[in-house]
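Accompanying notes for the structure given below.
Every number here is computed from the coordinates shown, using simple stated rules; none is lab data. The model shown is predicted, which means the values in this text are computed figures rather than measured ones. So basically every Cβ, Gly included, is an ideal-geometry build from the backbone, and we count neighbours across all protein chains shown.
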Amino acid sequence: MKKIGIVMNSIAEINFQKDSTLLLMSELQNQGKELYYIENLNLYFANQTPMAIAQKIEVFMNENKWFDLQDQEKIELTSLDLVLMRQDPPFDMNFINNTYVLEAAENKGLKVVNRPSSLRKFNEKLSILNYPSFITDTLVTSNKSLMEEFINTHKKVVSKPLGLMGGEGVQIINTDNSSEALSNISSDNLEMLMLQKFIDEVYLGDRRILLINGNLPESVVLRKPPEGDFRGNLAIGGTASTEILNERDKEIASVIGKDLIEQGIFIAGLDVVGGFLTEINITCPTCFRELLDQTGENLAKSFVDQLKIAKS
């Protein structure tokens, strides 16, 4: 396995100090892999052939220059040995259509991480419903009357769009502001929202558990919200620390890890708040850098090592 394609958003716009994809690329490069950068708008079909506009890339762990690109070239995806799908949400039609291109290449023998069909069907929010013993009370609906009933029952809830990331669109709704919050939700072409009973421990931080090929790490990344917010997402100013996995972390991760392997989900990030599973991130899980910088645990190296095992 020599030639590796990486589908991602613009590498020029990443945060060098935090980006997990860059760390994965660096480890692949360190182990002798030839990297091909594929921006997320550059997958396509030429008749029945899955293609990409790609650029050979060299990466550096240097904040002043972290990549060097060669000229663009049109390639058949099957000329690569592996494609690492690291496109950020939103989970929109661009994302879905990219999975169709990748799946067509997969059907011709290309290995894709994570499996394209699983990226489509394993929604990061809805997938937690498969584990009712691990989650808090949850409602998924586009019906405002059902939302209002749920809010009145639990007094304080969190609402989440199903296809976004980084805490975007997530808000607290309680009985005091429910009328205003629900009135701001358009009745035209309303997509379903997830509402969950509010977990007070969220202010202590959410626990990101990174799984590689179903294997548990030694530590979790604990993301604490910035002052005045309840969301611990690092993209909006949350702060990261690390802790050793506790027994609840291990219980949740061990069960879900087995299912992820069966679904062809090689890299995943589980989010746990107050002992409750809140999301299963599979599109572009982050926190590799925080774990490495604070504990020395290098899951990027584990990823490459596990690829070799999975291939054999």
What fraction, in whole percent, of alpha-carbon pairs in segment 139-198 exceed 16 Å separation?
35
Shape category assigned to segment 250-312 from the gyration tensor of Cα positions, a/c cut at 1.5:
oblate
Using only alpha carbon positions, build the gyration tensor of segment 213-276, then give the equivalent ellipsoid semi-axes as the square roots of 5 times its eigenvalues, largest first, whole angstrom.
24, 13, 10
Using 1/(1 + (r/R0)^6) with R0 = 25 angstrom and r between the beta carbons of THR141 and ASP200, what's the FRET efficiency to the nearest 0.05?
0.55
Using a simple charge model, +1 on the beta-carbon of Lys and Arg, -1 on the beta-carbon of Asp and Glu, nothing else, what dipole does the chain show about its Cα centre, in debye to the nearest 20?
760
Quick one: what are the phi-derived ³J(HN,Hα) couplings along segment 265-275, Karplus 6.51/-1.76/1.60 with θ = phi - 60°, whole Hz, x for glycine and proline?
9, 7, 10, 8, x, 8, 10, 10, 10, x, x
Whole-Hz ³J(HN,Hα) for each residue in segment 211-220, computed from phi via Karplus 6.51 cos²θ - 1.76 cosθ + 1.60 with θ = phi - 60°, x for glycine and proline: what do you get?
10, 10, 6, x, 7, 7, x, 7, 10, 10
Using a Förster distance of 41 Å, the FRET efficiency for LYS56-GLU168 (Cβ separation, nearest 0.05):
0.80
Using θ = phi - 60° and Karplus 6.51 cos²θ - 1.76 cosθ + 1.60, couplings along segment 248-253 (whole Hz; Gly, Pro as x):
5, 4, 5, 4, 5, 5
Nearest 10 degrees, 0 to 90: helix 299-311 Cα axis against the chain principal axis
60
Listing VAL255, VAL83 from the residue with the fewest other Cβ atoms within 10 Å to the one with the most, what is the order?
VAL255, VAL83
Gap separating the Cα centres of segment 45-87 and segment 258-312, nearest whole Å:
23
Around ASN9: net Lys/Arg minus Asp/Glu count, Cβ-Cβ under 15 Å:
-4
Fully extended contour minus Cα-Cα distance, from ASN177 to TYR131, at 0.36 nm per residue:
13.5 nm
Amide H neighbours of PHE276 under 5 Å, at least 5 residues apart or on other chains, H built in the peptide plane: list them.
none
Show me 110-119, 167-176 ranked by packing, highest mean number of other Cβ atoms within 10 Å first.
110-119, 167-176
Using modelled amide H (1.01 Å from N, peptide plane; none on Pro or chain starts), what sits under 5 Å from the amide H of GLU168, excluding residues fewer than 5 places away?
none
Where both residues lie in the chain, what percent of DSSP beta bridges are antiparallel, nearest 5?
75
If R0 is 22 Å, what FRET efficiency do you get for MET1 and GLN294 from their C-beta distance, rounded to 0.05?
0.15
Within straight-line cross-link reach of LYS156, lysines at Cα separation under 17 Å, skipping those fewer than 8 residues along the same chain
LYS144, LYS197
Among all the lysines, which ones have a C-alpha under 22 Å from LYS111's C-alpha, if same-chain residues fewer than 8 places away are not counted?
LYS2, LYS3, LYS33, LYS56, LYS74, LYS121, LYS258, LYS301, LYS308, LYS311
